[in-house]
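Okay, structure first, notes after.
Readers should treat all values here as calculations from the given coordinates under stated rules, not as data from a laboratory. Because the structure is predicted, anything quoted here is derived from the model rather than measured. Every residue, glycine among them, receives a Cβ derived from its backbone with ideal geometry; neighbour counts consider all protein chains shown.
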Amino acid sequence: MKRLQVIDRDQCIGCFSCMFACSRSFYKALTTEKSAMRVRVYPGLEGAFSIRVCDACLEPDCASVCPTGALIKREKGGGVKLIEDKCIHCQKCIKACLIASLQWDREKKIPIPCRHCGICVQYCPNHVIGMVDMKEEEAVSHV
Amino acid sequence: MYKKIMEIDLTTQTSRVYTDEVLFDEFLGGTGVATELLHKHCDPAIDPLSPENPVIFAIGPFSNIYPVSTKTVAMFKSPLTGELGESHAGGRLAMAMYNAGLNAIVIKGKLDFKGYISIEDDKVEFRRAGTIWGKSSLATERILREAEKDREGKASIVRIGPAGERMSWFGAVTVDTQRHFGRLGLGAVFGSKNLKAMVVRGTRYETIQDFKKFKTIYDKIYKAVVESGEMKKYHDLGTSVNVVPLSKIGGLPTRNFSQGYFENAEEISGEAFAEKHLIQQIACAHCQCGCIHIGMLREEFSQGKEHMYKTFKVSYDHELVFSLGSNLSIKSPEHILRLLHITEKQGWDAITVGVVLAWATDAYQHGIIGDKETGGLALHFGDDKTYMEVLRRMRDHYNQFYSDLEKGADFCGNKYGGKDLAMVFGKNEAPGYMTGENAFLDWMAVGVRHSHLDSAGYSLDQKLLVEDIPLEKQMAKLVEESKFRMLLNSLVLCLFARNIYKTDIILEGLSALGIDWDPERINKFCDKVYKRKFEFKFACGFDIDQLELPGKLYRVKTASGKLDPDRVKERLRLFREIAGI
């Protein structure tokens, strides 16, 4: 089972190529904002980026707090999936994800769960992120 | 493409957004569209520092969409040259404008308070900036990013430092992490409008119509950027990889263009910076190359009493290593970084500020200016401490002379004498190449914005070292390259990717966006945009027949030999004939 992970945030150049790839591939959208991950920029500290990708938690807090069961654990390997019809747009899931990896689709007012497909990895020029093989029991939080 | 323009009137604090299909269909975007907007909104007779001077920003059809299409074009009437002001910057501005659904922004008028504008999609807020007036360019970014952090989307922070507030004719506008609309004084125009900053963000996007076609060309460009080696130079050592090779051929301007060989070139080379100071390369939004080289300097600040350290980070590249290094005979990266840091905080154009210091030093050494002007400072090449003090005195307007230095070398040469020592081309201070006549002709006449990025004459000069090229063909190449860059700058690409974006790739990229052009249309387009710029320049009083190279250049040796006044004249004649100008 492969899962998206941050390999080395210090190698990030802040090009946002990963976010563009994610938005483009799933929404055909020419933006960074539909991406299921974020590269964050800190003001004043030139060159400091923080990469927030879904950690594929085995016991995901985002799903645990969902009042309607819209966000549910995937059967295998950690992470979550969304049953869109059940979502009541309360954003409890977003607040529950302390590492702020779960993203919010402002337009549709629903969370954007990461599929762990690895398209972002394919467009990272500096091996900041990677698809890492992991046993199920290992798929717990690493930040 | 949205084909949308936002017009902002600072005087009435109003704005409107409108669509102009015709304009974008004919002129694509970027420099093509901005030139037309300049013709529309700028009376060539106006004072550049009056409210009537428009500030125009434009992105192109490739912006935010394809790799390394990262630049935004700014256009205005230049306070430094009194004619076409055009400057390009990277950072996140192109992405932010795209996210706001805007292909161009036109700012006119003047705020009646010290303020900034905050753009989000179609909306503009006019906000007070009294508390940040006087703050450095670096602090302003930090403060505004925090002040605006709760709003939607990734923001681009576009602002001036104190130099722009003082309306220094070479005040820069800084974008995000130390990218700049550096040249030709846009910062002064911001200052004249009481405009400290422009924050842009948005929530808009377009969707891809033909995904397969788009992916094919996107991946082709992506692979070329990341894997082909075409951009290796830029992300590896960066442009300062040029320092030593240029010096070896006698093309690195040293001590105000006295010679092209710098005896300490290796100490300030790209390699030396990388070894001691480079901490990271970072990128503009949607550029996988990442050419922004951040240098770090750690300093002890308790004068040895304790172990107290401070650290600052500043971006560097070839032009700055030339202007604040070899051209001032500064042989230490530490000293260059210190001079750069104050320049960055003040928000001066770093090329111009170094060339101005070099003029002052040369003029002082020749007795043209003296202690009366400098307030007792003796100016010597290589004296970094005095240069730091000169910059402080410029910052503080210590006396009339230091105030005048903020107007550039051409102004000072006219006022104090020593005009032949002012390394200016069309009144704009020289970039870092002493390669020969093609570079100089490019900056003076052929290039529309007096920039080394207009047509790379420095590269042609270097070809002459190994190849005999007839004069007419040299001028034809300069003109051809200048014109082709009208297309690159309309798309708007970073010119570092010019070897990737050849005509066939550009046409394929346009086609995937539903814009079907052919090589003939490109040629006509380039010719038209080029000429439209000269129309504006001429209307401002730019006169090719009056152009002269700095006198000193006829007394020195460049990489491709001594200059010949008759040949320079012949080059100008050929230029007009070939370009149809």
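For chain B, what is the convex hull volume of the alpha-carbon atoms per residue, in Å³?
Details: hull volume 84.9 nm³, N = 581.
Hull volume normalised by residue count: 146 Å³.
Between B:D150 and B:R128, what FRET efficiency comes out of the Förster formula 1/(1 + (r/R0)^6) with R0 = 25 Å and r the beta carbon distance, rounded to 0.05?
So, using R0 = 25 Å, E works out to roughly 0.85.
Longer than 27 Å from Cα to Cα, which of B:K114/B:K149; B:K537/B:K569; B:K149/B:K212; B:K193/B:K533; B:K4/B:K531 are they? Say none if no pair is.
B:K149/B:K212
Please list the radius of gyration and Dmax for the range B:229-425, considering alpha-carbon atoms only, with Å as the unit.
Just the Cα atoms of the range B:229-425 yield Rg and Dmax of 17.3, 54 Å.
With each pseudo-label sitting 7 Å past Cα toward Cβ, what's the A:K95-B:D543 distance in nm, one decimal?
7.1 nm
When the scattering of the protein assembly as shown is computed by the Debye formula from its Cα atoms alone, each counted once and equally, what is log10 I(q)/I(0) at q = 0.06, 0.07, 0.11 Å⁻¹?
Values, matching the q order: -0.35, -0.48, -1.17.
How would you rank A:E75, B:E306, going from fewest to most other Cβ atoms within 10 Å of each one's own Cβ?
A:E75, B:E306
For chain B, which longest stretch is free of loop sites, where a loop site is one of the trypsin sites (Lys or Arg not before Pro) that DSSP puts outside H, G, I, E and B and that has at most 14 other Cβ atoms within 10 Å? Working shown, then result.
On the way: sites that count: B:K149, B:R151, B:K305, B:K502.
For trypsin sites (Lys or Arg not before Pro) (loop position, at most 14 other Cβ atoms within 10 Å), the longest site-free span of chain B is B:306-501.
Determine the relative contact order of chain B: mean sequence separation of Cα pairs under 8 Å and six or more apart, normalised by residue count, in whole percent. Before the final figure, lay out the partial values.
Working: 1283 pairs, mean separation 91.3, N = 581.
About 16 percent, as a whole number.
Can you pull the one-decimal nm distance between simple spin-label points at B:S403 and A:T68, each 7 Å off the Cα toward Cβ?
Placing both labels 7 Å beyond Cα along the Cβ direction yields 6.7 nm.
Could you compute the FRET efficiency for B:K524 and B:K569, with r as their C-beta to C-beta distance and R0 at 22 Å, rounded to 0.05?
0.10
Please compare each pair in B:K310/B:K427; B:K310/B:K331; B:K154/B:K427; B:K108/B:K135 to a cut-off of 31 Å on the Cα-Cα distance and tell me which ones are over it.
Check vs 31 Å cut-off fails for B:K310/B:K427; B:K154/B:K427.
What are the residues whose amide H is under 5 Å from the amide H of B:K114, where those residues sit 5 or more places off or on another chain and H is modelled from the backbone?
Residues meeting the amide H criterion: B:A129.
Which of the peptides B:285-294, B:373-382, A:21-30 is most tightly packed, and how do the rest follow, going by the mean number of other Cβ atoms within 10 Å of each residue?
B:285-294, A:21-30, B:373-382
Need one value for A:3-15: mean number of C-beta atoms belonging to other chains within 10 Å of its residues' C-beta atoms.
Mean partner-chain Cβ count within 10 Å for A:3-15: 3.
Taking each residue in A:31-41, count the Cβ atoms of any other chain within 10 Å of its Cβ, then average. What number comes out?
The shielding value for this peptide is 4.
With the contact rule set at Cα under 8 Å and sequence spacing of 6 or more, what percent relative contact order holds for chain A?
After rounding, I find 33 percent.
Given a Förster distance of 41 Å, report the FRET efficiency between A:R40 and B:D47 from their Cβ-Cβ distance, rounded to the nearest 0.05. Write out the running numbers ahead of the final one.
On the way: r = 43 Å, r/R0 = 1.06.
So, using R0 = 41 Å, E works out to roughly 0.40.
Which whole number gives the average count of other chain Cβ atoms within 10 Å of the Cβ atoms across peptide B:285-296?
Numbers: counts 9, 7, 6, 10, 3, 7, 1, 4, 0, 2, 0, 2.
Average neighbour count from other chains, rounded to a whole number: 4.
Where nothing but the Cβ of Lys and Arg (+1) and of Asp and Glu (-1) is charged, how large is the charge dipole of the protein assembly as shown around its Cα centre, in debye to the nearest 20?
Around 1460 debye, computed over the protein assembly as shown.
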